[in-house]
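**Student:** The structure under discussion is supplied below as structure tokens; questions concerning it will follow.
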Amino acid sequence: MGSLEGRAVLQLEDENLVDSKHNDRRTSSMDATPQISVFDTDTDGVSCKCMWNSILRQMHIVLFSKKLNLLIPCGPLAMLVDTLTDHHGWIFFLSLLGIIPLAERLGWATEQLAFYTGPTVGGLLNATFGNATELIISMYALRRGMIRVVQQSLLGSILSNTLLVLGCAFFAGGIVHSTKDQLFDKGNAVMNSGLLLMAVMGLLFPAVLHFTHTELHFGKSELALSRFSSCVMLVAYGAYLFYQLTSQNSLYMPLAEEEGENDESLEEEEAPEISKWGSIIWLSILTLWIAVLSEYLVNAIEGASVAMSIPVAFISVILLPIVGNAAEHAGAVMFAVKDKLDISLGVAIGSSTQIAMFGIPFCVVVGWIMGRPMDLNFQLFETATLFMSVLVVAFMLQDGTSNYFKGLMLLLCYLIVAASFFVHIDPEAIQDKPKKT
């Protein structure tokens, strides 16, 4: 009862205090007005200060948290060199270096957004924006009529993801976990291998039709078949996306997460660093900046090839995809080292599948709309290279295990592919001259 009496006394004192303040405000209304406005001004100032602090913090995280971001000034330098000189070799080299950190930050921003969308949608976003660099470069090259650059850069992206990125992931994971074979979901890996083989079939038939001279309408049947096959491949990829989004056994959901074996330390380590809208804004900024640099990069490809005595085919198939796949490369290796090989496969093989089943057909359809004769005839040498690479990867994935030796084999296969394109002369490159728009 004593406590209740004490509370009653405190409430009575509070009421008296409020009444006295109310009477004071009534008698000095003229003085109260400036006090209220000062309070509101202080509140606005505090909110503005908090907003600026949040913006500065996000800029620090995005632009200054990685040593790789030291290469970001190479982009403005490339623009400056292009304005002052005609050294295409330097323009290409600086643009290439400038895109590398932007591609990595684009992948990082996608991962931040994935925290707010869930693992399945997040994995699809990661694969989509991971390929944004290659697709942007392809759109600029297609607009300038550089069809062979488009074909070879997309082909190189598939080869880079399946051989180089996956090979590095297997090798790094196998070295760290050398006492055991790492496991991954065999069913998802086989399904993606089947999609890659379907893409190879779509590229193989137009090439065979061209080189056997068995077209019904010479010069038209090959292009018509390519456009029809592209539409079929887009439908197949749409069905694949629907299956992934509705299936419980998603490619982008690692086995450890499905079994509920997540460590608390990993959950704390993987907390988002920026907000949802911050991720969306930075995705837009980085995509726009990559698009600007891609134009300088594409314009300097042929001049750089002459200046550095490097075939255009090698630049398109090897150098451009390595830059575009920087985000996938780092992410796949990191997850393999953490023994999350299913996520590594989702990034590497999922990205390859998206380029093969969506990126290439999408470019054919866009070329159709733009009036460019973009087709699926990637020429015999390129198609044979893709066919053999997909077969090698399919055999590596069929047992559901990985080790450092498998990774080493994939890396050595990529070295053979790179050496082959370094000594390869593209017979169609002479006809593929840039056109003014």
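**Student:** Just need a number here: residues in the stretch 332-344 that are open to solvent by 10 Å² or more (accessible area, probe 1.4 Å) and touching a residue at least 12 places away in the same chain (Cβ under 8 Å). I'd like the intermediate steps shown before the answer.
**Tutor:** Here is the first cut: in the stretch 332-344, the residues open to solvent by 10 Å² or more (accessible area, probe 1.4 Å) are 333-335, 337-340, 342-343.
With the extra rule that they be touching a residue at least 12 places away in the same chain (Cβ under 8 Å), the set shrinks to 333, 335, 337-340, 342-343.
Going through the stretch 332-344 one residue at a time, the tally reaches 8.
**Student:** Can you name every residue in the stretch 307-319 that is closer than 23 Å to Met139 by Cα and either open to solvent by less than 30 Å² (accessible area, probe 1.4 Å) or part of a helix (DSSP H, G or I) (or both)?
**Tutor:** Passing the criteria: Val312, Ala313, Phe314, Ile315, Ser316, Val317, Ile318, Leu319.
**Student:** In contact (Cβ under 8 Å) with a residue 60 or more places away in the chain and within 27 Å of Asp82 (Cβ to Cβ), is that true of Ile349? Lay out the reasoning, then the answer.
**Tutor:** Details: in contact (Cβ under 8 Å) with a residue 60 or more places away in the chain: yes; within 27 Å of Asp82 (Cβ to Cβ): no.
Criteria not met by Ile349.
**Student:** Let me ask something additional. Against the condition surrounded by 20 or more Cβ atoms within 10 Å (Cβ to Cβ) and at pLDDT 80 or above, how does Leu70 come out, does it pass?
**Tutor:** On the way: surrounded by 20 or more Cβ atoms within 10 Å (Cβ to Cβ): no; at pLDDT 80 or above: yes.
Answer is no for this residue.
**Student:** Looking at the stretch 161-171, can you tell me whether even one residue there is hydrophobic (A, V, I, L, M, F, W, C), open to solvent by 30 Å² or more (accessible area, probe 1.4 Å) and under 14 Å from the mean Cα position of the chain (by Cα)?
**Tutor:** no
**Student:** Filter the helices (runs of 4 or more DSSP H) completely within the stretch 320-391 down to those with at least 1 residues that are under 15 Å from Gln151 (Cβ atoms) and β-branched (Val, Ile, Thr). Spell out how you get there, then give the answer.
**Tutor:** Working: elements: 320-324, 326-337, 341-354, 360-370.
Helices (runs of 4 or more DSSP H) meeting the threshold: 360-370.
**Student:** Turning to a different aspect of this structure: Looking at the stretch 346-359 only, could you name the residues that are under 22 Å from Thr401 (Cβ atoms) and open to solvent by less than 10 Å² (accessible area, probe 1.4 Å)? So that I can check it myself, show each step before the final result.
**Tutor:** Initially, the stretch 346-359 is screened for residues under 22 Å from Thr401 (Cβ atoms), giving 346-353.
Gly346, Ala348, Ile349, Gly350, Ser351, Ser352, Thr353, listed by residue number.
**Student:** Can I ask one more? Does Leu135 meet the test of being modelled with pLDDT of 85 or more, open to solvent by less than 10 Å² (accessible area, probe 1.4 Å) and closer than 22 Å to Ile315 by Cβ?
**Tutor:** Taking the combined requirement at face value, the residue does not satisfy it.
The values are calculated or read from the model by the stated rules, or taken from the named source; none is laboratory data. Owing to the predicted nature of the structure, the values given are computational and were not obtained by experimental measurement. Note that each Cβ is placed from the backbone with ideal geometry, even for glycine, and that neighbours are counted across all protein chains shown. Note: accessible area is taken over every heavy atom of the protein model, side chains too, but ligands, DNA and RNA are not part of it. Shrake-Rupley method; radii C 1.70, N 1.55, O 1.52, S 1.80 Å.
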